[in-house]
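Notes for the one structure printed next.
The values are calculated or read from the model by the stated rules, or taken from the named source; none is laboratory data. Predicted model, so just to flag it, every value in this text is computed and none were measured. All Cβ positions, glycine included, derive from the backbone under ideal geometry; neighbour counts span all protein chains shown.
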Amino acid sequence: MTGAGFAAIQLAVQCGNLREAERLAGIAQDAIEPNGLEAVQLANLRGGLAFESGRLDEAERRFEQAIRLAIACGAPELAAKATTNLGSVAHLRGKVSLAADLYHGALESYRARRDPVGLARTEHNLGIVRRELGALDEASGHATRALRMARLAGDSALLATALMGAAETAIAQGKYGAARRLMVEARHHARAIEDRIALAELLRLRGFLAWRLLAFEASLERCREGYLAAIRLGTIQLAGECAALASRAASRLSRPKLARALRARAERCFRSLGAQGALQRLAEDLES
């Protein structure tokens, strides 16, 4: 399979066409050597597609396959990438310590190879873990390093992701002006490459910022837009996150029927993923 074939799959993902990406990946599977470097790359790609679509068991199998193949092929950079992806599966399942261990293991490999792309992705993921645990200074450090590495890599999609991670941490810290600037830059890069998933994620971030500013109507509107966009794109985790925040906003607006409906949507998304951490946070929101 040529580099152009992999690029076509990645472009389909970027444009939010996961079905087309799945179709192209299936064709590619029949055209490659089953134990070569292309098989490693494809296993990682197909694992990523399964992850985005909410098929966590399949994603885990494919990432584990990618690690085994990468080790056999003597490709530590691809093993590190699959390890980072496997960490994301563990994180979504609420296995935070395991996720952090996997991320740190990948980070060491990326540092040894001075790989800015791998470093950016993994620092970003560690920032999310630390932010969810309330360690905002540590999260900010990871987000800053992720952003620096993403700029060095010069990858617009990666840069948009790193900018959004830094923006979310800034919002959590109450640094709203900085968050706005980061989100504007993220939107610029996402629009330039027509990254629809990133643009949907930005709707959730705008909803989060509005929530923190007590602008609950705006938060509800942005998050409902984000939910609909995520459903169209087939990104189940993002859909659940948008619905969960929209439910909280509806509750603050004294719209209990809508809040319950949105919370039920969020719960369905998270249950379909086996996202135990997200389900626990949803339960805590209900109790608070």
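Conditions (1) at pLDDT 80 or above; (2) out of contact with any Ser or Thr (no Cβ under 9 Å at 6 or more places or on another chain), marked per residue:
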| position | (1), (2) |
| --- | --- |
| 1 | no, yes |
| 11 | no, yes |
| 18 | no, no |
| 42 | yes, yes |
| 72 | yes, yes |
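Can you tell me which residue in region 11-56 is nearest to the chain's Cα centre (by Cα), limited to those that are loosely packed, with under 15 Cβ neighbours inside 10 Å and within 26 Å of residue 227 (Cα to Cα)? Among those residues, the one meeting the criterion is 19.
For region 188-200, the condition of being without any contact (Cβ under 8 Å) to a residue 24 or more places away in the chain and more than 18 Å from the chain's Cα centre (by Cα) holds for at least one residue.
A residue that is part of a loop (DSSP other than H, G, I, E, B), closer than 22 Å to residue 275 by Cβ, of a type in the set (D, E, K, R) and not assigned by TED's automatic domain parsing to the domain that holds residue 119 occurs nowhere in region 4-27.
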